[in-house]
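Structure first, commentary second.
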Amino acid sequence: MPKVNVERLRSASVTRRESDWEGVRLHVVTGKGGTGKTTVAGALALALAADGQTVLLCEVEGRQGISRLFDAPSLPYDERRIAVVPRNGATAGEVYGLAIDPEAALTEYLEMYYHLGRAARALDKVGAVDFATTIAPGVRDVLLTGKVYEAVRRKEKKRVHDRPTYDTVVLDAPPTGRIARFLGVNAGVADIARVGPIRRQADSIMALMRSPQTAVHIVTLLEEMPVQETSDGIAELRAARIPVGSVIVNLARRGPLDRPTIEAASADQLPRADFVAALHETGLPADDATVEGLLTDAREHAIRVAMEDELRTRLDDLGRPIYELPRLADGADLGALFDLAGELTKQGMA
Ligand SMILES: Nc1ncnc2c1ncn2[C@@H]1O[C@H](COP(=O)(O)OP(=O)(O)OP(=O)(O)O)[C@@H](O)[C@H]1O
Ligand SMILES: [Mg+2]
């Protein structure tokens, strides 16, 4: 079980200010495909654990992204401890992982609510569960969100099958394009089921999803498409009355050039003589081709920075807190995940 980079987390927690999300029990992490949802969800779970919390990190897409991220064996449909964060020799917090699977969630649901233990397993054997969850895609989402709800609410129940109870649940969620429909699926169920236990369950789930205990964070890159999806996603979540949390800019780069230099480079006005002098000073060849190549690189860099600045402004205009995570040179391995967690703590997300 991973116990690395504790010092780094600890130094981050010394300088930490109060989390921006006190009172949130369900952190949903969405974003355009490939922007870093799984990575950010993992880092956030670690950051919350470093704060002393017991955290459940769950995924719903059957991809085993969490076990890969934490170098753990594949997760069964069962909550497994995947990281502990010690402090002063004692355990500060823990992260459990869960890969929610709709078939298993349905079987469990039938057992819990209708006490259909053996019958549910029999249904599963004849393929009825599989049938129920594939025939109507909405049913999958009802089951997946139902399980998330159960994990969040467990803390308030007196005794639930001796399972761990969680201070917070972090959900590595479906991408932005599907998030509002996914989290809001039970609103539709409540419309169909006018009375009875299904209606009550659907209402309870929607009440959680729309409460200040939920925050939906959107991961983006400083690129046109993900920023556009972030903006669309926020509009859809607001329309569904689901609380939007923060925007997390992942893979952010801070360039080496200062503002005046960038402006000069975009205007193609960098002093050529300075380049030649600098090359001579370092003993590098200062022929025309080299100088021209450097000026072109500088101009392209400046254009990219200008575009990123414009996208940052668009994100600012969305009116949500923004956190920024650097692009880590060696990719997001487990050690790097602790670094990203420390970064989130420092910026006040956890
Ligand atoms: N801050 C970072 N620095 C370096 N590499 C990163 C960082 N964040 C994510 N990555 C890498 O980018 C890739 C995509 O990240 P990740 O799997 O978290 O994205 P995702 O949004 O969950 O993708 P998908 O939509 O496929 O589920 C991974 O290889 C991951 O290791
Ligand atoms: Mg993922």
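The values are calculated or read from the model by the stated rules, or taken from the named source; none is laboratory data. Bear in mind that the values here come from a model prediction, so they are computed numbers and not experimental data. All Cβ positions, glycine included, derive from the backbone under ideal geometry; neighbour counts span all protein chains shown.
General remarks:
- The set of residues in the stretch 315-350 that are modelled with pLDDT of 90 or more and surrounded by fewer than 14 Cβ atoms within 10 Å (Cβ to Cβ) comprises Asp316, Asp317, Gly319, Arg327.
- The stretch 37-63, residues that are within 14 Å of ligand 2 (Cβ to nearest atom), part of a helix (DSSP H, G or I) and of a type outside the set (D, E, K, R): Thr38, Thr39, Val40, Ala41, Gly42, Ala43, Leu44, Ala45
- The listed residue being touching a residue at least 24 places away in the same chain (Cβ under 8 Å) and loosely packed, with under 15 Cβ neighbours inside 10 Å, out of Glu224, Glu308, Glu229: Glu224
- The stretch 146-185, subset polar (S, T, N, Q) and modelled with pLDDT of 95 or more, residue nearest to Gly97 (Cα to Cα): Thr168
- Just one of the numbered conditions (1) farther than 30 Å from Val185 by Cα; (2) surrounded by 11 or more Cβ atoms within 10 Å (Cβ to Cβ); (3) not hydrophobic (A, V, I, L, M, F, W, C) is not true of Arg259: (2).
- Of all the residues in the stretch 76-110, those that are within 16 Å of ligand 2 (Cβ to nearest atom) and in contact with a Cys (Cβ under 9 Å, 6 or more places away or on another chain) number 4.
- The conditions of being among the acidic types (Asp, Glu), more than 16 Å from ligand 2 (Cβ to nearest atom) and not assigned by TED's automatic domain parsing to the domain that holds Ser67 are met by Asp297.
- Any hit, the stretch 316-337, residues being among the hydrophobic types (A, V, I, L, M, F, W, C) and more than 16 Å from ligand 1 (Cβ to nearest atom): yes
- Helices (runs of 4 or more DSSP H) contained in the stretch 193-292 and holding at least 1 residues farther than 23 Å from Val169 by Cα, at pLDDT 90 or above and in the same structural domain as Ala41 (by TED's automatic domain parsing): 224-239
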